[in-house]
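Trainee: Quick one: the structure is below, questions incoming.
A short reminder: the numbers here are calculations on the coordinates, not readings from a lab. Being a predicted model, the structure only gives us computed values, none of them experimental. Because the Cβ atoms are built from the backbone with ideal geometry, glycine has one as well, and the counts that use them run over all protein chains shown.
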Amino acid sequence: MVAVSRLIVRPSGPLQGEVTIGGAKNSALKLMAATLVAPGRHLLRNVPDIADVHTMSELLEAIGCTVRRREDDAIEIIRPEEVVPEAPADLVARMRASTAVLGPLLASAGRVRLPLPGGDDFGARPVDMHLTALEELGVTHEVVDGVIEARVDQLHGGECKLDYPSVGATENILMAAVRADGETTILNAAQEPEIWDLAAFLNRMGAHILGAGSRTITVTGVGELRAVEHSVIPDRIEAATYLAALGAAGGTITLRGADAGQLGVLIERLGSMGIRVAPEPGGLWATCEGRPRATDLQTLPYPGLATDHLPMLVAVLASADGTSFATENVFTGRFGYVAELARMGADISVEGHHLVVRGVDRLQGAEVRALDIRAGAAMVVAGLGAEGETVVTDAHHVDRGYAGFVEQLCGLGADVRRAVG
């Protein structure tokens, strides 16, 4: 990975050409953690070469695994018979996805010591829901000086009813329940594509999971699982980012590998903005002519509009024709990027968890910060349609979630470059 502190974005006219959508970050990280439930050699294909994957690789190595990236976008993970069920604080502090080792370590080692996670800072995402659900499977825990210490003698089946369809909690329950004695039912489970992918991976390993993708998932525990090969699903957030870039700059692009089935609500909302998207063999075709139109947006658990989509879409709506309204229903405190867009001349009011976005004729280039992965991508999107030069600082966040982001944008004709130091 190249250390990047700034991205320089200049307007370059309509985008043209094609990009390739890689494996989903939010799935790859959880699949890597899931390898902990079965000893042997696992092979994950279509894994993005991004900073968060590097961090998860280091975390697995600290636990005792051997991790090797191949040149064909595949990662080989060898999980030994015995692991060290402790996660180093410096690695856990880098990303919240580190909580994904909680369930599989309890399943494979019966105990885990995990510092409370770090990662993007946009509101509370408590791990309490994960721990409360795991209690239904026989797990006991305590939090001492910011460290979770959990253990179980023998996982058993149970009924885990989630107050909210949390993706992370659903994943941790799945990864623990596959080794539990008896049947586990997850009620109000998350339905995201990443859940389907994790369930498919675990089933391939020999697990018995039914209902993934619905609100009720049933898991029948098994005594033994085996190491397998699996290919990560396409990244729907990466696809949304390039579609937002198209909305800001205009043009016509093709997204190779994108899955329209994951993006139904997004495609419908883009259509209301005047951005036409159509499936084609092997991907998506999209075009945007003229200034986007204002629209209304609200984030919801899948199959609703993803919270990770909103920052990029607001960046487009900031210079759309008319006034838009956007509501964030998933995470509180995720509007930090609004102040950065304001530096570029955006007219956006924050009212609780609602935004009122009054489109201006054109944003103005400015120095802005990448507060997190998606906020950083949103600043790049805004810069593509702005007048003058936009400098995105703290741009290392972007490399946490996108492989070859600058190179792919430049391949579409965008004027984006890296600046180190």
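Trainee: Starting from the Kirkwood Rh over alpha-carbon pairs, what translational D in µm² s⁻¹ does the range 86-228 have by Stokes-Einstein at 37 °C and 0.692 mPa s? List each step's numbers first, then the result.
Mentor: Values: Rh = 15.0 Å.
Answer from the Stokes-Einstein relation: 219 µm²/s.
Trainee: If you don't mind, another one. Work out the charge dipole of the range 28-231 with +1 on the Cβ of Lys and Arg and -1 on the Cβ of Asp and Glu about the Cα centre, then indicate which of Leu60, Val228, Thr99 is farthest towards its positive end.
Mentor: Among Leu60, Val228, Thr99, the one farthest towards the positive end of the dipole of the range 28-231 is Val228.
Trainee: Could I have the simple spin-label model distance between Ala227 and Val356, label points 7 Å from Cα toward Cβ, reported in nm to one decimal?
Mentor: 5.9
Trainee: Once you place label points 7 Å from the Cα toward the Cβ at Thr332 and Asp90, how far apart are they in nm?
Mentor: For Thr332 paired with Asp90, the spin-label model returns 3.4 nm.
Trainee: Over all alpha-carbon pairs of the range 1-134, lay out the pair-distance distribution in 10 Å bins, whole %, shortest bin first.
Mentor: P(r) over the range 1-134, rounded to whole percents: 11, 38, 31, 13, 6, 1.
Trainee: Net charge around His141, counting only other residues with Cβ within less than 12 Å of its Cβ (Lys, Arg = +1; Asp, Glu = -1)?
Mentor: Working: positive: Arg111, Arg113, Arg151; negative: Asp128, Glu135, Glu142, Glu149.
Counting the neighbours of His141, the net charge comes to -1.
Trainee: Give me the Debye-computed log₁₀ of I(q)/I(0) at q = 0.14, 0.17, 0.27, 0.33 Å⁻¹ for the range 264-309, equal point scatterers on Cα only, no solvent, two decimals.
Mentor: Once normalised to I(0) and log-transformed, intensities are -0.37, -0.54, -1.03, -1.15.
Trainee: Which residues' amide hydrogens lie under 5 Å from the amide hydrogen of Glu367, considering only partners 5 or more residues apart or on another chain, with H built in the peptide plane?
Mentor: Counting only residues 5 or more places away or on other chains, the set is Val391.
Trainee: I've got another one for you. For the range 39-113, which GluC sites (Glu not before Pro) pass both filters: DSSP loop (anything but H, G, I, E, B) and at most 12 other C-beta atoms within 10 Å? Write out the running numbers ahead of the final one.
Mentor: Numbers: sites: Glu58, Glu61, Glu71, Glu76, Glu81, Glu82, Glu86; in loops: Glu71, Glu81, Glu82.
The qualifying sites are Glu71, Glu81, Glu82.
Trainee: Whole Å is fine, so just give me how far the alpha carbon centre of the range 263-302 lies from that of the range 338-404.
Mentor: 20
Trainee: Additional query: Among His130, His230, what is the fewest-to-most ranking by other Cβ atoms within 10 Å? Numbers along the way, then the final one.
Mentor: Details: His130 26, His230 21.
Final ranking by Cβ density, sparse to dense: His230, His130.
Trainee: OK, next. Select from Gly388, Ala414, Gly376 the residue farthest towards the positive end of the dipole of the range 292-421; place +1 on Cβ of Lys and Arg, -1 on Cβ of Asp and Glu, and compute about the Cα centre.
Mentor: Result: Gly376, furthest along the dipole toward the positive end.
Trainee: So what is the calculated 222 nm ellipticity per residue for the chain, using -39500 (n - 2.57) for each DSSP H run with n of 4 or more, over all residues, to the nearest 500 deg cm²/dmol? Working shown, then result.
Mentor: Working: 14 runs with 129 residues, N = 421.
Helices in the chain give a 222 nm mean residue ellipticity of -8500 deg cm²/dmol.
Trainee: On to the next question. What percent of all Cα-Cα pairs in the range 216-275 falls in each 5 Å bin, counting up from 0?
Mentor: P(r) for the range 216-275, in whole percents per bin: 4, 13, 20, 17, 11, 7, 9, 7, 6, 4, 1.
Trainee: Report Rg/Rh for the chain, rounded to two decimals, where Rg is the Cα radius of gyration and Rh the Kirkwood radius. Write down the numbers at each step before the final one.
Mentor: Numbers: Rg = 21.3 Å, Rh = 21.8 Å.
Here the Rg-to-Rh quotient is 0.98.
Trainee: Here's a follow-up. Need one number: % antiparallel among DSSP beta bridges in the chain, to the nearest 5. Numbers along the way, then the final one.
Mentor: Numbers: 59 of 83 bridges.
Around 70 percent antiparallel, to the nearest 5.
Trainee: Still on this model: If you place +1 on the Cβ of every Lys and Arg and -1 on the Cβ of every Asp and Glu, how big does the dipole about the Cα centre of the range 28-231 come out, in debye to the nearest 20?
Mentor: Numbers: 18 positive and 31 negative charges, 77 e Å.
Rounded to the nearest 20 debye, it is 360 debye.
Trainee: Still on this model: Roughly how many debye, to the nearest 20, is the charge dipole of the chain about its Cα centre, given +1 on each Lys and Arg Cβ, -1 on each Asp and Glu Cβ, and no other charges?
Mentor: Using only the charged Cβ atoms, the result is roughly 600 debye.
Trainee: Express as a percent, rounded to the nearest 5, the fraction of DSSP beta bridges in the range 263-421 (both residues included) that run antiparallel.
Mentor: Numbers: 16 of 25 bridges.
Restricted to the range 263-421, the bridges split so that about 65 percent are antiparallel.
Trainee: Spin-label point model (7 Å from Cα, Cβ direction): what's the Asp321 to Glu280 distance in nm?
Mentor: Each label point lies 7 Å from its Cα, and together they span 2.6 nm.
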